[in-house]
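Working notes for the structure below.
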Amino acid sequence: MPKRILEGVVVSDKGDKTVVVKVERTIVHPLLKKIVRRSKKYHAHDESNAYKAGEIARIVECAPKSKLKTWEVLPKASA
């Protein structure tokens, strides 16, 4: 089974080698038929502390690294 890759905004980089990424998705409300935004925060492993708050990061599933971290960030795309 392929690993999921999600994209979101880094909301916190306070932990050592850890970032919190907020991923937003849109759904259609079943009754109102309006588009609604839903978001979820994921703790991700950032080995090199490369990402800062406000940047867009891509995260991929991995084996659990701690109680909360089951994702890791993909390296930044080179310019």
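The values are calculated or read from the model by the stated rules, or taken from the named source; none is laboratory data. On a predicted model such as this, the values are computed, not experimentally measured, just so you know. With ideal geometry, Cβ positions are generated from the backbone for all residues, glycine too; neighbour counts draw on all protein chains shown. We work out accessible area using only protein heavy atoms, side chains counted, and drop any ligands, DNA or RNA first. Shrake-Rupley method; radii C 1.70, N 1.55, O 1.52, S 1.80 Å.
So the values come out like this:
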quantity: Residue, most open to solvent (accessible area, probe 1.4 Å), within region 58-79, restricted to residues that are in contact (Cβ under 8 Å) with a residue 40 or more places away in the chain and closer than 14 Å to ARG4 by Cβ; calculated: ARG58
quantity: Yes/no for ALA44 being part of a strand (DSSP E or B), among the small types (Gly, Ala, Ser) and under 23 Å from ALA77 (Cα atoms); calculated: yes
quantity: Given (1) open to solvent by 100 Å² or more (accessible area, probe 1.4 Å); (2) in contact with a Cys (Cβ under 8 Å, 6 or more places away or on another chain); (3) modelled with pLDDT of 95 or more, number of the condition LYS3 does not satisfy; calculated: (3)
quantity: Residue in region 14-35 that is farthest from GLY54 (Cα to Cα), counting only those that are surrounded by 11 or more Cβ atoms within 10 Å (Cβ to Cβ) and among the hydrophobic types (A, V, I, L, M, F, W, C); calculated: VAL23
quantity: Residue list for region 45-57, filter: hydrophobic (A, V, I, L, M, F, W, C), surrounded by 13 or more Cβ atoms within 10 Å (Cβ to Cβ) and more than 12 Å from GLU7 (Cα to Cα); calculated: ALA50
quantity: Count of residues meeting criterion [more than 9 Å from the chain's Cα centre (by Cα) and part of a strand (DSSP E or B)] in region 57-79; calculated: 1
